[in-house]
Structure formats: structure tokens, C-alpha cells
Amino acid sequence: MFLVTGLPTELKASFWIWFVGGILGLLGGMLGMLASLVLFAAAPGAATLVLLLMLLAAAVGAAQIVLALAMKDGKRWARLGLTALTGATLVLAVANAMMGVGQGGNWATFLISLAATVLLWLPNSQAFFAATRSGNTSSE
């Protein structure tokens, strides 16, 4: 599952960025869900919203892990999914900045995701996905 031999260096780096980020997102979402349970005593409405947002964060983290593992196997749809996640992080960072009360971590998350996404589309990575597709047409 964690074997990255045979991958171009760019994809190895991208895989680990996405995989570790997914683990952190999943754990953060789960811890946030637990923490939101305390909030139910004081503000049930806000706690419900926080719980839903943390559930979404955990689901995105889990999806990121699954997509990173599939990308490592040469699945082009996984590369597109990870690229879409980067677009979503940009939207969230912009929305957070427009509210004026957000955290700077959204921009850091976007920039890290952007770097990992760029690695997915570099020439060596393109060649890997092309070779995987031509060598095994059932991988899609």
C-alpha cells in the first residue's frame, strides 16, 4: 500500500503530500467532531453546524487518502479528483478571506495542495500516467 517504487520522483512527493494531508484532515475532522459534542451543552445550533463541518472535513480527508492511493496506481481519474480538491481548497480560502474572520491556514492548505497538484501534471508524471494507461487499459 505504501510502496512507491517505480513512480517518478514528482509522483512520490505528491503521493506523500496528499496521503499525509489526508491523514491529518481525517484525524482533525474526527477530533473536531468530538470537541463539538462539548459545544452542544452551550449552543446546540452552532454545535450542529460545527459537527457537520467536521464530518465534512473527515470525509474529505478520507477521500484524499483514497484518491492518493489510486493516483499512485496510475488512475487518471484520481489525479483529476485531487486536482478538483485543490480547486475546492482555493474556493474555501477565498470565502474565508472574504469573511474576514478566518484563519490563515486555509491559504497554507491551498498552497500545499497546489504544489502537490503541480507535481501531478509535470512531464514525468504525465509520462507515467500515459504509460500506465497504454500498458493496462483496464486501470481506468
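The values are calculated or read from the model by the stated rules, or taken from the named source; none is laboratory data. Quantities reported herein were computed from a predicted structural model and do not represent experimental measurements. Glycine gets a Cβ as well: all are built from the backbone with ideal geometry, and neighbour counts include every protein chain shown. Keep in mind that these areas ignore ligands, DNA and RNA; they rest on the heavy atoms of the full protein, side chains included. Shrake-Rupley method; radii C 1.70, N 1.55, O 1.52, S 1.80 Å.
Between 0 and 90 degrees, rounded to the nearest ten: what's the tilt of helix 76-99 against the longest Cα principal axis of the chain?
30 degrees
Ordered by residue, what ³J(HN,Hα) values in Hz, to whole numbers, does region 35-43 give under the Karplus form 6.51 cos²θ - 1.76 cosθ + 1.60, where θ = phi - 60° and Gly and Pro are x?
Couplings: 5, 5, 5, 5, 5, 4, 5, 8, 9 Hz.
Please give the calculated 222 nm ellipticity per residue for the chain, where each DSSP H segment of at least 4 residues contributes -39500 (n - 2.57) and the sum is spread over every residue; nearest 500 deg cm²/dmol?
-28500 deg cm²/dmol
Once the Cβ-Cβ distance between V118 and V94 is put in as r, and R0 is 22 Å, what FRET efficiency do you end up with, to the nearest 0.05?
In this case the efficiency is close to 0.70.
What's the magnitude of the charge dipole for the chain around its Cα centre, counting Lys and Arg as +1 and Asp and Glu as -1 at the beta-carbon? Answer in Debye, nearest 20.
Here the size comes out at about 200 debye.
Tell me, what is the percent relative contact order of the chain, built from C-alpha pairs under 8 Å that lie six or more residues apart?
Once normalised by length, the contact order is 31 percent.
Quick one: accessible area per residue over the chain, 1.4 Å probe, rounded to a whole number of Å²?
57 Å²
With unit charges on the beta carbon (Lys/Arg positive, Asp/Glu negative), name the residue among W18, V91, T5 whose Cα is farthest towards the positive pole of the charge dipole of the chain.
So the residue furthest toward the plus end is T5.
Between 0 and 90 degrees, rounded to the nearest ten: what's the tilt of helix 105-120 against the longest Cα principal axis of the chain?
Its long axis makes an angle of about 10 degrees.
Once the whole set of protein chains is in place, how much accessible area is left on R76, using a 1.4 Å probe, in Å² to the nearest 10?
80 Å²
Can you give me the % of accessible surface on the chain that is carbon or sulfur? Probe 1.4 Å, all protein chains present, nothing else counted.
On the chain, the fraction of accessible area on carbon and sulfur atoms equals 76 percent.
State, as an integer percentage, the relative contact order of region 36-90 based on alpha-carbon contacts under 8 Å between residues 6 or more apart.
19 percent
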